[in-house]
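A short worksheet on the structure shown next.
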Amino acid sequence: MFNAVSALDHRTFAGDVTIREDGLRGMISLRGDMSLAKLKSVCTSLTGVAFPAQGQANSDGAQGLAWMSPDEVLVMVAHDAVDDALAKIAKALKGQHHLAVNVSDARAVLIVEGPYVRDVIAKLAPVDLHPDAFGPGSFRRSRLGQVAAAFWMRDDQSVAVICFRSVADYAFDLLKAAAQGGPVGHFPDS
Amino acid sequence: MLILHCPNCGQNVDETDLHSGGEAHLKRFGPGSSDQEFEDYLFMRENPKGVHFERWHHSFGCGKWFLAARCTNTLEVFGTYSAQTLEPPKEIIDRIIARRPDWVKGAKT
């Protein structure tokens, strides 16, 4: 067995807002009819979290589900559980039109945590991050600086960012620079 | 800066997250059409100063297409709607007429 290594191998920036690369994460891009009960039940049984509504992500540690588009959900499981999960999805959706692909090694996960985490993300993404518009559980696919990224709020002071592995270094430096710049102070709770 | 509401994922999306797909509601002229019709279909586009219907691709987001009605002059957005429509829905037309009483649908500019 080869030794899988994540994009930045747990690189961490410690400051008022901490950025750390979260290591290997199993990710399955699942496309199909999202209204299908079988699809929802296999997703929830694999991850142990509720099926997300539009624009939402539910996560519990390394496991989670994220609403990617009207016909796509991202299934997150432990990195070594992906093959098993793919087999379970194929079994549950047998005969149904769907596509499930292991994209784990194409991606990187960055965790941003701290009191002004909203400011850090808002500096980089064209997204309304006001607490009224983007709260815990909200998920958004957009961009950070010049690269595509998706992120969701795990709680009020913690955001998980997913980007392509090839741009993980850029995304990390970008978040680090935004964190070092300090809070902007436009949001009520920062 | 232009912000459009993506009807597919329900988000208000900045222009930089989108890719413009040009004029909407084109009718395709393929095999069997005249040379003039084919040329018009391929190359001739409206370029109005005012109300315009456009295709937009939410390329940094959900990856889906949608259509938008907006004013090219003031950047006012009248509404966005599903790409799976052959012509603008009535509520969009009503909204445009409310804001631009002298606008005529389909008039050449």
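The values are calculated or read from the model by the stated rules, or taken from the named source; none is laboratory data. Model, not experiment: these values are computed from the prediction. Backbone-built Cβ (ideal geometry, glycine too); neighbour counts: all protein chains shown.
Does B:PHE60 qualify as being aromatic (Phe, Trp, Tyr), more than 27 Å from A:LEU129 (Cα to Cα) and modelled with pLDDT of 95 or more? Please lay out each step first, then the result.
Details: aromatic (Phe, Trp, Tyr): yes; more than 27 Å from A:LEU129 (Cα to Cα): no; modelled with pLDDT of 95 or more: yes.
No, not satisfied.
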Can you tell me which residues in region B:74-102 are farther than 14 Å from B:GLU54 by Cα and part of a loop (DSSP other than H, G, I, E, B)? B:THR74, B:ARG100, B:PRO101, B:ASP102
With the requirement that a residue be within 12 Å of the chain's Cα centre (by Cα) and away from every other protein chain (no Cβ under 14 Å), what does region B:59-81 give you? B:LEU67, B:ALA68, B:ALA69, B:ARG70, B:CYS71, B:THR72, B:VAL77, B:PHE78, B:GLY79, B:THR80, B:TYR81
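Do you know which of the residues in region B:1-58 that are β-branched (Val, Ile, Thr) and within 12 Å of chain A (Cβ to nearest Cβ) is surrounded by the most Cβ atoms within 10 Å (Cβ to Cβ)? Don't jump to the end; show me each part of the working.
Start the filter on region B:1-58 by keeping residues that are β-branched (Val, Ile, Thr), which leaves B:3, B:13, B:16, B:51.
Remaining after also requiring within 12 Å of chain A (Cβ to nearest Cβ): B:3, B:13, B:16.
Numbers: B:ILE3: 15, B:VAL13: 26, B:THR16: 14.
My answer is B:VAL13.
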Scan region B:1-36 residue by residue and report those that are part of a strand (DSSP E or B) and of a type in the set (D, E, K, R). B:ASP14, B:GLU23
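Rundown of residues vs (1) surrounded by fewer than 17 Cβ atoms within 10 Å (Cβ to Cβ); (2) out of contact with any helix residue (DSSP H, G or I) (no Cβ under 6 Å at 6 or more places or on another chain); (3) at positive phi, yes/no style:
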residue: A:SER35; (1), (2), (3): yes, yes, no
residue: A:CYS43; (1), (2), (3): no, yes, no
residue: A:VAL49; (1), (2), (3): no, yes, no
residue: A:GLY61; (1), (2), (3): yes, yes, yes
residue: A:LEU99; (1), (2), (3): yes, yes, no
residue: A:SER104; (1), (2), (3): no, no, no
From (1) in the same structural domain as A:LEU174 (by TED's automatic domain parsing); (2) more than 29 Å from A:GLY181 (Cβ to Cβ), pick out the condition that doesn't hold for A:MET34. (1)
Hey, A:ALA85 hits all of (1) at pLDDT 95 or above; (2) surrounded by fewer than 17 Cβ atoms within 10 Å (Cβ to Cβ) but one; which does it fall short on? (2)
Tell me which residues, restricted to region A:1-50, are in contact with a strand residue (DSSP E or B) (Cβ under 6 Å, 6 or more places away or on another chain), part of a loop (DSSP other than H, G, I, E, B) and closer than 20 Å to A:ARG140 by Cα. A:ASP22, A:ARG25, A:VAL49, A:ALA50
Would region A:160-172 turn up any residue that is at pLDDT 95 or above, more than 26 Å from B:CYS6 (Cα to Cα) and surrounded by 21 or more Cβ atoms within 10 Å (Cβ to Cβ)? yes
